[in-house]
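Just so it is clear, none of the values below were taken in a lab; they were calculated from the coordinates. The model shown is predicted, which means the values in this text are computed figures rather than measured ones. Note: ideal-geometry Cβ built from the backbone for every residue, glycine included; neighbour counts use all protein chains shown.
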2 protein chains.
Amino acid sequence: MARITSVEVIDVRFPTSLTSDGSDAMNKDGDHSAAYVVLHTDDPSLSGYGFTFTIGRGNDLCVAAAKQRAVPLVGRDIDELCGNLGGIYRELQSDSQLRWLGPDKGVIHLALAAVMNAVWDLAARRAGVPLWRLLSDMSPEQLVEVADLRYLTDVLTPEQAVTLLERQEPGRKQRIAELEASGYPCYTTSAGWLGYSDAKLRRLCEEAVAAGYNHVKLKVGADLADDIRRCGIAREVLGPDGNLMIDANQVWDVPQAIEWVKALAEFDPLWIEEPTSPDDILGHAAIRKAVAPIGVASGEHGMNRVLFKQMFQAGALDYCQLDAARLGSVNEVLAVYLLAAWFDVPVCPHAGGVGLCELVQHLAIFDYAAVSGSLDRRVAEYVDHLHEHFVAPCVIRDGAYLLPDAPGYSAEMYMESLRTYRFPDGAYWASRADRDPLP
Amino acid sequence: MARITSVEVIDVRFPTSLTSDGSDAMNKDGDHSAAYVVLHTDDPSLSGYGFTFTIGRGNDLCVAAAKQRAVPLVGRDIDELCGNLGGIYRELQSDSQLRWLGPDKGVIHLALAAVMNAVWDLAARRAGVPLWRLLSDMSPEQLVEVADLRYLTDVLTPEQAVTLLERQEPGRKQRIAELEASGYPCYTTSAGWLGYSDAKLRRLCEEAVAAGYNHVKLKVGADLADDIRRCGIAREVLGPDGNLMIDANQVWDVPQAIEWVKALAEFDPLWIEEPTSPDDILGHAAIRKAVAPIGVASGEHGMNRVLFKQMFQAGALDYCQLDAARLGSVNEVLAVYLLAAWFDVPVCPHAGGVGLCELVQHLAIFDYAAVSGSLDRRVAEYVDHLHEHFVAPCVIRDGAYLLPDAPGYSAEMYMESLRTYRFPDGAYWASRADRDPLP
């Protein structure tokens, strides 16, 4: 009868801002970071790993919040915990004093994601399977029991969700076999960060095409003349049949978004991503109507399932880019996948940062196996940064995520990476004189 | 040439959960708390005070976030700061690394509110006037310059906002004179907390009517039979002409909200407050349509101006209950008041907690003087708790807030209160053995 004996939460920060990796129109100095959670147990062969992703300052807030969120886990019997993954989620989520600081958004929700991601990792490790398989082996009733459907029943009841999942049950095994052969299709953002020179942009686009990618994404929104020139380069390399996506990272008001996107229409972008405030459901709907047939994509800052419910109700999105570490872990991610399938909106999950690629591969595979049963218009994000810190990193071949086979949620980092990049006392930061002072 | 020399942020918690003050269907153990900010300057006669309101655990997160938010203030020239209250707000708000944890929501936004509330308090003290007068003395152009209109220009441009304010300029002085005679009308929530007995409820309703209140608010949503009995008591005491409001504190999904409110319709409530998730714009719109003529009120958890913009666009609210310590201080509050006036939705600001009454009186007075120019359907919340800790507490007479005349935003607490209720080392908490352990 193993129990959780303690919870460790570590502030890990990588100095990615030094190379402009991750730079965009809103985020100029992104030190990709993680509030990293380890659930220790009294079974020496079993731990759980999870995290949420941040970009530098403020990671300490997520670490402190995760410590608070995790308090009720200590001493829990692991069999009971893993047998009631809906119950423990709801218990942590409903802490009424922390709820006041949200609800279900911002720092306390990122922290819930970090902690519950570790619980899901633990559950998959205990079962000896990768997370995508743990989920794919659950019955429709079990999946709906763990999904967070609170505040969603006006559009999707638990009964409807069960029906939706039952519809996909017959083909699950065959679709998994398909993915085992070909992987899950992905696209690369590594080429298009705003801080890169034109020469570097061209070279990276060429490398992406050579590596088998059919989609390339560029950051836009800082300067229209630059955007026109950069989109021209990317379209030239991709040819007329490749897919070019553009991403404004929320820099525009609604009227400006419409005007700017129309000015880039000649490059035939597949989607405009985060054209305005991520909270602006009706704004996204207005932009979508104005810039069609260019699609509208958003979701990496989609704070919770209630936002996504309304995005779908309002017809605001062509592509849903949910984030595995901003939504409240698998419990809430599952709810958004169910909603998306119900409204027939493809989910192309956000990735990049620290370890998000490692997480989203599981979710995308599970979606195809059990929820949407479709690859149509679906492509998961991939960014080629920081994978070397993960014990079981994702593997890409010919523009597709290969199916992970190690037990868990692929979230474990190397001890050596933690020792080096722990903030502010890890070997790297302790040696850097110009690091940000803590207040 | 005075400067800000240091920023102090204090975790203050009052043990209000011991008496069920503040209890409702969602929040059962509300220890009313504040992340309290003091801006020290090298002018010994000048400091700035501000706070955000929380309910216990998690206040430490807001304190830590406020410390980060305030770093750029240290060393600033006070004249420059007070001459550019829009600029400093935008500078703090746009910290791209903290922005990632929102944007504009949750802990980092509460912290922005705490810090910028202190800056506004400082500005009013420096001018030697109460905040409502500082604002009422500003020109339409000055007000629009400090208001946070980002992401709002699809419905309200700066030019339109100036026009709206210009329309109310001629009557400003006269309306202020009116309020100086009669005060700003308010209602009391003190009677209706869910944890109170029927006898206490009846007594408090009777006391409220005797004190001149024409509105009483009850918490509902835990048990329908209880709600029917309690609403019956309140309506009996109020008589047919008094205004009864009910408040569910987000406990229902949309269909359940509609059903439950209809079951209480016989008591003729003026409004149902927070019937569902505060993020559910389209859900509020659906509820409003279904329960009319009962009004729908929400806003104390309204996370930012983008949410309110959409609430107004969707016709989701009869009453806007913005919160002075959840929105990003006066800068964002002002934007929501402008939007509300533009859409002709009355603002009845949320109060209670710690010191919210002290803040909202300034905002309501200013709204009447300079923005909406109307008292129609407007009544500010008042809760009779914790005012004894404030140096210049609000004063109520005959169901109205009297106009505050002390310079500032009425946010300063007594040193003795801080020494007693500072968490966890203040005299009260240090002596209490059962206080929550910090993780």
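Side notes on the structure shown:
- Shown for A:52, A:153: other C-beta atoms within 10 Å of each C-beta, ranked fewest to most, produce the order A:153, A:52.
- Annotation: Cα Rg of chain B relative to the compact-globule expectation 2.2 N^0.38 Å equals 0.93.
- Total formal charge among the other residues, if their Cβ is under 14 angstrom from that of residue A:63, Lys/Arg +1 and Asp/Glu -1: 0
- DSSP finds beta bridges in the protein assembly as shown, and of those with both partners inside it, around 55 percent are antiparallel.
- Karplus-derived HN-Hα couplings along region A:124-141 (A = 6.51, B = -1.76, C = 1.60, θ = phi - 60°), whole Hz, x at Gly and Pro: 6, 4, 4, 7, x, 9, x, 4, 4, 7, 3, 5, 5, 8, 7, 6, x, 5
- Rotation relating B and A, chain A residue nearest the axis via C-beta, angstrom: A:106, 1
- Rg over Rh, two decimals, the protein assembly as shown (C-alpha only, Kirkwood Rh): 0.96
- DSSP beta bridges in region A:169-415 [antiparallel fraction, %, rounded to 5]: 15 percent
- Comparing mean-square fluctuations of A:80, A:274, A:300 from a GNM of chain A with C-alpha springs under 10 Å, the top value falls on A:80.
- Spin-label pair residue B:431/residue B:169, simplified geometry with 7 Å Cα→Cβ offset, distance in nm: 5.7 nm
- Label-point spacing for residue B:71 across the identical copies (point 7 Å from Cα in the Cβ direction), in nm and ascending order: 2.7.
- Estimated from helices alone, the mean residue ellipticity of chain B at 222 nm is -12000 deg cm²/dmol (sum of -39500 (n - 2.57) over DSSP H runs with n ≥ 4, per residue).
- nm² value of the averaged projected area, convex hull over the Cα atoms of region B:168-413: 12.4 nm²
- Gained length - residue B:91 relative to residue B:71, 0.36 nm times residue gap less alpha-carbon distance: 6.1 nm
- Amide H within-cut-off set for residue A:328, under 5 Å, with H built and near neighbours excluded: A:333
- Residue list for region A:402-426, given a label point 7 angstrom along the Cα-to-Cβ vector of residue A:8 and an amide N cut-off under 15 Å: A:412-423, A:425-426
- In nm, spacing of pseudo-spin labels at residue A:268 and residue A:243 (7 Å Cα→C-beta vector): 1.4 nm
- Using R0 = 51 Å, the C-beta based FRET efficiency linking residue B:376 and residue A:84 works out to 0.45.
- Other copies of residue B:8: label-to-label distances in nm, shortest first, labels 7 Å along the beta-carbon direction: 3.8
- Number of Lys pairs (Cα under 24 Å; 8 or more positions apart or on different chains) in region B:168-413: 8
- Looking at region A:266-331, the pairs of alpha carbons with a distance over 17 Å make up 35% of the total.
- Taking amide hydrogens as placed 1.01 Å from N in the peptide plane, the amide H of residue B:296 sits under 5 Å from those of B:272, B:318, B:319, each at least 5 positions away in sequence or on another chain.
- Long-range HN-HN contacts of residue A:377 with modeled amide H, under 5 Å: none
- Region A:1-153 - Rg over Rh from alpha carbon coordinates, Kirkwood radius: 1.00
- Rounded to 5, percent antiparallel among DSSP beta bridges of chain B: 55 percent
- At R0 = 56 Å, FRET efficiency that the Cβ-Cβ distance of residue B:395 and residue A:344 yields, to 0.05: 0.45
- Estimated FRET transfer efficiency when R0 is 60 angstrom, pair residue A:46-residue B:178 (beta carbons, to 0.05): 0.30
- Here the translational diffusion coefficient of region B:334-439 follows from Stokes-Einstein with Rh set to the Kirkwood radius across Cα pairs; for 37 °C and 0.692 mPa s it amounts to 208 µm²/s.
- Spin-label model distance (nm) - residue B:137 vs residue A:236, 7 Å beyond Cα toward Cβ: 6.1 nm
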